[in-house]
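Below: one structure, written as C-alpha cells.
Read-outs throughout are calculated quantities, based only on the coordinates presented, and are distinct from any laboratory measurement. As the structure is a prediction and not an experimental result, all values here were calculated from the model. Because the Cβ atoms are built from the backbone with ideal geometry, glycine has one as well, and the counts that use them run over all protein chains shown.
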Amino acid sequence: MRLEWLEVENYRNIAHAQLDPGDELTVLCGDNGQGKTNLLEAIWLLTGGKSFRGGKDAELVRRGQPFAVLSARTRAEDAQEDKQVRLTVGLPGTQRPGRYATLGASAPRRAAALAGSFPAVVFDPGHLSLVKGAPEGRRRFLDGALCQMYPGYLAVYRRYVRTLQQKNALLRRTAAPRPYAETVALLEVLNRELAAQGELVQQRRRAYLELLGPLACGYYAELSRGAEKLEIHYAARFEPGALGALLQARQQEELRAGQSLYGPHREDLELLLDGQSARVYASQGQQRSVALSLKLAEAAAAAQITGEQPVMLLDDVLSELDDHRQQYLLTRMREKPAATAPASRKPRAGCTGSGAVCWRRCKAASAPRRENGVSVSGPGLCAP
C-alpha cells in the first residue's frame with residue numbers, strides 16, 4: 001500500500017498542510033510543537049477513524065473552526081488507479097457532528113467503515129506501554145492488528161465486549177434487585193454467549209501470535225545483534241474449548257466478586273528477555289527495542305496475511321536507541337515503501353554504512369527534496 005498524497009485542513013494546530021511522500025522513506029523534521037505527530041495522527045485516522053493518541057472530536061479540530069478535513073489518495077501495490085479517502089471531524093452542535101468517511105464516490109458513512117481499507121502500522125512513544133504497561137495494552141495491540149486484517153474479527157470482538165459489559169452489569173447488580181434464581185438464569189445465558197465468542201477471540205489471537213512471535217523475535221535478534229533473546233508467550237487463562245465449563249464452574253466465585261474473572265479479557269502477552277520479564281528487568285532502550293520489534297513484526301505479518309505491505313508511521317522512533325539500533329532501524333525502514341517517520345532530534349554522529357540514513361538539523365527551511373535516497377519534508381534537514 002502506498003500513500004500517494006495527503007491534505008490536512010484545520011486539524012489540531014495545522015491550518016493547512018499537504019504531503020507528497022517519497023518512494024521510500026519520508027522524514028518529517030521541525031521544531032517541537034510544529035505538528036509532526038499531528039500529521040502522522042491524521043494519516044492514522046484514515047485507517048479506521050480512531051486516533052492512537054485518543055482525544056475527543058473537539059480536541060481534533062483547530063481552535064475556532066467548526067470541522068477538520070483529512071483527504072488522501074492511496075494505491076494498492078497491484079492497483080491501476082488511486083483510491084480517494086476523505087474524513088471529516090465535526091464539532092458537537094455543527095451541521096454534521098462526529099467523524100464521517102467517504103471512500104471514492106460513496107455516500108458518507110461512519111468513520112469505522114474505513115477499517116481495513118488503508119493498512120498501516122503506527123509506533124509512537126506511548127507504545128512503550130506494550131512492554132512496561134498493563135496487560136490491557138498488549139491485548140489492545142493484538143485485537144487492533146486483527147481488526148485491521150480480518151474484518152470479521154471486529155464483529156466477533158464487539159459481540160464479546162458487549163456481552164461482557166452486560167454480564168458485569170448483572171454481577172454488579174446496578175439495576176433493580178432480582179431474585180437470585182433469575183440472576184443465575186440470566187448469568188447462564190450470558191456465559192454461553194461469552195464462551196462462544198471468547199473461544200473465537202482466543203483462537204484468532206493464538207493463530208496470529210504463531211505468525212507474529214517468530215517475526216518479532218527475529219527482528220529483536222537483529223536489533224540487539226544477538227545480545228539478548230526475546231521470547232513471547234500467550235498467557236492464556238483457559239485451554240481451547242474449555243471456557244464454557246470454566247465459567248460454569250466459577251459462577252459462584254464471580255457472583256461473590258461482582259465481576260467477570262475469566263475469559264480472553266483477562267489474558268496477556270508474556271515478553272521475556274533472556275528468560276526474565278522485559279517489563280521488570282529490561283532497560284529503557286531494551287524496552288523500546290522490544291516494542292519496535294513487535295511493530296515491525298506486525299507490519300511483516302500484515303504483508304503475509306493480506307499480500308499488501310502496510311504504510312509504517314513512526315514517531316520519535318530513535319530516542320533511547322544506541323547507534324547500531326538506530327542504523328538498523330533506518331536501514332530497515334528504507335526497505336518499506338511510503339514509510340513516514342517524524343524526527344525532532346538528530347541521530348548521533350557516526351551513522352554510516354551500507355543503506356544507512358543520516359541527517360542533521362539546518363537553520364534554513366527548505367522545500368521537499370531527496371537526500372541519501374530519502375524524501376525529506378519540512379525545515380531543518382540537510383545531508384551531513
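Inverting the pair-averaged 1/r between distinct Cα atoms of the chain gives 22.7 Å as its Kirkwood hydrodynamic radius.
Applying 1/(1 + (r/R0)^6) with R0 = 30 Å to the Cβ-Cβ distance of residue 236 and residue 183 gives a FRET efficiency near 0.60. A helix-only calculation puts the chain at -13000 deg cm²/dmol for mean residue ellipticity at 222 nm, using -39500 (n - 2.57) for each DSSP H run of at least four residues, averaged over all residues.
Ranking of 36, 83 by neighbouring Cβ atoms within 10 Å, starting from the fewest: 83, 36.
With neighbours defined as other Cβ atoms within 10 Å of a residue's Cβ, the residues 132, 229 order from fewest to most as 229, 132. Taking every C-alpha pair closer than 8 Å and separated by at least 6 residues, the mean separation divided by the residue count of the chain gives a relative contact order of 22 percent.
When 69, 201 are ordered from fewest to most other Cβ atoms inside 10 Å of their Cβ, what list results?
Working: 69 18, 201 24.
So the residues, fewest neighbours to most, are 69, 201.
Among the listed pairs 132/295; 83/295; 132/229; 50/229, a Cα-Cα separation exceeding 23 Å is found for 83/295; 50/229.
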